[in-house]
Amino acid sequence: MLKRNSDLRFATPPYLLRAALIGLLVISLVAPMNFVLIRPGTPTPLFPKVLELKDIKSYPVKGQLYLLTILITNPETSVFGAEVLGCWAKGDCVVAPRSTYYTRESTNEKESDEGAKDMEQSQNSAIDAAANYIADEFPNIDIATFNDKSLTISLENTGGPSGGLVFAIGLVDLLTPIDILQGRKIAGTGTISADGKVGPIGGVVEKIVGAKSVGAEIIIISTANCSELPAAVEGISVVAVSTLAQALTYLRDDASASPLTNSGVANSGVRSAGIQGCASVGA
């Protein structure tokens, strides 16, 4: 007969438990994860080499415009747990689900081709938007010969539509005698349509970080990105606009002008922490 002992306990040896935990940790660090990593790219100054005009009268630019980019891991790049952990620990990048930026069918080649097409379209839209603005504001300036053949944009390994707003501002500055930049460092990001409407882009917070890294005083963004802004932004003025005309009105006026509403009319708006032109901001 067997005697039952109610006090008998069966426990996993501590060394086995530690080994199991270590094994799980190692696997989580070396296993590929379904994420992408996003970092601020190095801002690119447009003048004098990136944005150039030929065979048409242009004017000197007094200041600098910066094209802002983000660096995102390619769709075919494996992102490992250790990289995700390092990103969170250092705070120098953002971890996002892969599905936010790519589909299952995405490849490096497809993304590169689409980015190049978007960039070309943004340049063409910037030309139209700048020409329309100049025709309305400066009817005495002859831009009849201004077209895509008048413009040279020298950029490598950069794609997407988010440079449209900056290209349009730069073209207006080059083609008119008005001192738009006023010696300042200005950054911007946003899509542009032929009729001058400014659209949202991805990675706006990372692009603000990039703008601050080169000492930009102002960054122009789309009002559609207001909800993505933090409650406070320090060290730079963030100006949200919905049209090219609003952006240029702000830049042509004193930099300390009253903030803009979504309709372009000055009012009290959200001005704290350098944010202007947003009815509200995110958390």
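The values are calculated or read from the model by the stated rules, or taken from the named source; none is laboratory data. The structure presented is a predicted model; accordingly, all values stated were derived computationally and were not measured. Note that each Cβ is placed from the backbone with ideal geometry, even for glycine, and that neighbours are counted across all protein chains shown.
Quick one: in region 156-181, which of the residues that are within 16 Å of G210 (Cβ to Cβ) and surrounded by fewer than 17 Cβ atoms within 10 Å (Cβ to Cβ) is nearest to the chain's Cα centre (by Cα)? Full working, then the answer.
In the first step, residues of region 156-181 are kept if they are within 16 Å of G210 (Cβ to Cβ); the result is 157-158, 160, 162-163, 165-166.
Right, trim to surrounded by fewer than 17 Cβ atoms within 10 Å (Cβ to Cβ) and you get 157-158.
Numbers: N157: 15, T158: 12 Å.
Looking at the filtered set, the residue picked out is T158.
Got a number for residues in region 121-144 being of a type in the set (A, V, I, L, M, F, W, C) and either at pLDDT 95 or above or part of a helix (DSSP H, G or I) (or both)?
Narrowing region 121-144 to residues of a type in the set (A, V, I, L, M, F, W, C): 126-127, 129-131, 134-135, 138, 141, 143-144.
If we keep only those that are either at pLDDT 95 or above or part of a helix (DSSP H, G or I) (or both) as well, we get 126-127, 129-131, 134-135.
Number of matching residues: 7.
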(message) Filter region 208-252 down to the residues that are more than 17 Å from the chain's Cα centre (by Cα) and either in a loop (DSSP other than H, G, I, E, B) or aromatic (F, W, Y) (or both) and list them by number.
(response) A231, A232, E234, G235, Y250
(message) Quick check on my filter: what residues within region 45-71 are surrounded by fewer than 22 Cβ atoms within 10 Å (Cβ to Cβ), of a type in the set (V, I, T) and under 23 Å from the mean Cα position of the chain (by Cα)?
(response) V50
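Could you list, in sequence order, the residues of region 34-56 that are farther than 17 Å from I153 by Cα, assigned to a loop (DSSP other than H, G, I, E, B) and not small (G, A, S)?
Applying the first criterion (farther than 17 Å from I153 by Cα) to region 34-56 yields 34-42.
Imposing the further condition that a residue be assigned to a loop (DSSP other than H, G, I, E, B) reduces the set to 34, 41-42.
Answer for region 34-56, where residues must be farther than 17 Å from I153 by Cα, assigned to a loop (DSSP other than H, G, I, E, B) and not small (G, A, S): N34, T42.
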(message) For region 254-277, give me each residue that is under 25 Å from S125 (Cα atoms) and at pLDDT 65 or above.
(response) G277
(message) Here is a check on your reading of the model: is S150 under 15 Å from the mean Cα position of the chain (by Cα), over 24 Å from I275 (Cβ atoms) and not charged (D, E, K, R)?
(response) no
(request) Of the conditions (1) over 22 Å from the mean Cα position of the chain (by Cα); (2) assigned to a helix (DSSP H, G or I); (3) surrounded by 16 or more Cβ atoms within 10 Å (Cβ to Cβ); (4) modelled with pLDDT of 85 or more, E83 clears all except one; give me its number. (result) (4)
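Scan region 100-111 residue by residue and report those that are free of Cβ contacts under 8 Å to residues at least 60 places away in the same chain and either exposed (fewer than 13 other Cβ atoms within 10 Å of the Cβ) or β-branched (V, I, T) (or both).
Going residue by residue through region 100-111, those that are free of Cβ contacts under 8 Å to residues at least 60 places away in the same chain are 103-111.
Residues satisfying the conditions are T103, R104, E105, T107, N108, E109.
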(request) Considering only region 182-207, state which residues are in contact with a Leu (Cβ under 8 Å, 6 or more places away or on another chain) and crowded, with 21+ Cβ neighbours inside 10 Å. (result) I186, A187, G188, T189, G190, T191, I192, G196, V198, V204, K207
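From the list I178, I201, I169, which residue is modelled with pLDDT under 95, closer than 20 Å to V61 by Cβ and not in a strand (DSSP E or B)? Can you show your working first?
On the way: I201 fails: closer than 20 Å to V61 by Cβ; I169 fails: modelled with pLDDT under 95.
The unique qualifying residue is I178.
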